[in-house]
Amino acid sequence: MSDDSSAALQAERIAGRRPRLGVWTALAGLRSWLSILVFLLAWYAASAAGWLNPRTLPGPDRLLLTAWTMVQDGSLPHALLVSLSRVVQGSLLGLAAGLATGVFAGFSRLGEDLVDKPMQMLRTIPFTALVPLFILWFGIDETPKVLLVAFGVAVPMYINTFGGIRNVDAKLVEVARVARMGRFAIALQVLLPAALPSLLVGLRFALGLAWVAVIIAETVGADSGIGFLLTNARQFVRTDIMLVCVAVYALLGLATDYGVRLLERLLLSWRRVYTG
C-alpha cells in the first residue's frame, strides 16, 4: 500500500470513520447478519438430523412453507396491515404526547413538578395490567389497542426528551437569552436540536415498545392482526404458525430500528462520534 493510501486511511480513522476498502467494506456490512445466519443453519441442521420434534419446534424450511401458504391465502398480509395500522396510529399519538410532556417538563420547573412524578409512576405499570382496564373503559374495538400502543410509546419518549433537554449545556440557553430569544424560540431552536441525540434514542426504544404493546393488545379481545393469528394458532397447537407470527414481529421490529438509524444518520450527519 502506498504512503498516500496509508495517509488517507489514517485520516479516516482519526475522523472517526471506518476506512473504505471496497470489498472489505461490503463484507463488513454483511457481518452483522453472520450470527443470524449461523443460528438459522444450526437450526436447520438440527431439524434435518431429527434432533428436534417437528410438532414443537419445526425447522426454518417448514416455517418458510407455512409463511408462503399464509401469504397465498391472504391471512398474513391482512393481519400485517391491521397490526401496522394500529402501530402507526398509536405511535403518532404516543410520540406527540411524549414529546410535548417531555419538552414541558424539561424546559420548566413547574412542568417537571406537574408531569414528572405521574410519568415515572406510569413507567412501572406493565401492559398486561392495562389491557383489561382499557377494554372495560373503551370497549373491544380499535380504541384500546391504539391507546395501549400510545402508552407504550409515550413513556420512553418522555423520559428521553426530558433527560436530553436537562443535559443541554446551560451556556447555550444563557446565550439565547442574551440574544433576547423568547421561551418558545429557545425550546424550538436551542433545546430540541441540542437534545436531538437523546430524542432519537428514545424514538428507537419507543417504536420497539410499540410492537410489544400491539402484541399484547392483539392477544386479548382481538379478531384480527398478527396477535390474533398467534392466539388462534396456540388454541390449535400450530407451532409453525406461532413461530411465523413471532418471526414477523421480530422482522418488523428490526425494520423499524433500521429506519430510525437511517433517520439518525441523516439528522446527525454533522456529529463525529466513536464508531468502534
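Tabulated data for the structure shown
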read-out: For L130, L80, L110, order by how many other beta-carbon atoms lie within 10 Å, fewest first; value: L110, L80, L130
read-out: Residue order, fewest to most surrounding Cβ atoms within 10 angstrom, among S75, S32; value: S32, S75
read-out: Förster radius 45 Å - calculated FRET efficiency between A129 and L30, Cβ distance, rounded to 0.05; value: 0.60
read-out: Residue order, fewest to most surrounding Cβ atoms within 10 angstrom, among R234, R109, R265; value: R109, R265, R234
read-out: Estimated inter-spin distance, V88 and D223, nm [label 7 Å along Cα→Cβ]; value: 2.3 nm
read-out: Of the DSSP H helices in the chain, those whose Cα atoms cover at least 27 Å axially and whose Kyte score averages 1.6 or more; value: 196-218
read-out: Whole-number percent relative contact order across the range 199-259, with pairs defined as alpha carbons under 8 Å at least 6 apart; value: 33 percent
read-out: Shape metrics for the range 24-159, restricted to C-alpha atoms - Rg then Dmax, Å; value: 21.9, 65
read-out: Amide H within-cut-off set for I140, under 5 Å, with H built and near neighbours excluded; value: none
read-out: Added length on full extension, which subtracts the Cα-Cα distance from 0.36 nm per residue, K117 to F138; value: 5.0 nm
read-out: Length added when fully stretched, H78-L57, from 0.36 nm per residue minus Cα-Cα; value: 5.0 nm
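A short reminder: the numbers here are calculations on the coordinates, not readings from a lab. Computed from a predicted structure; not experimentally measured. Cβ atoms come from the backbone with ideal geometry, glycine included; neighbour counts cover every protein chain shown.
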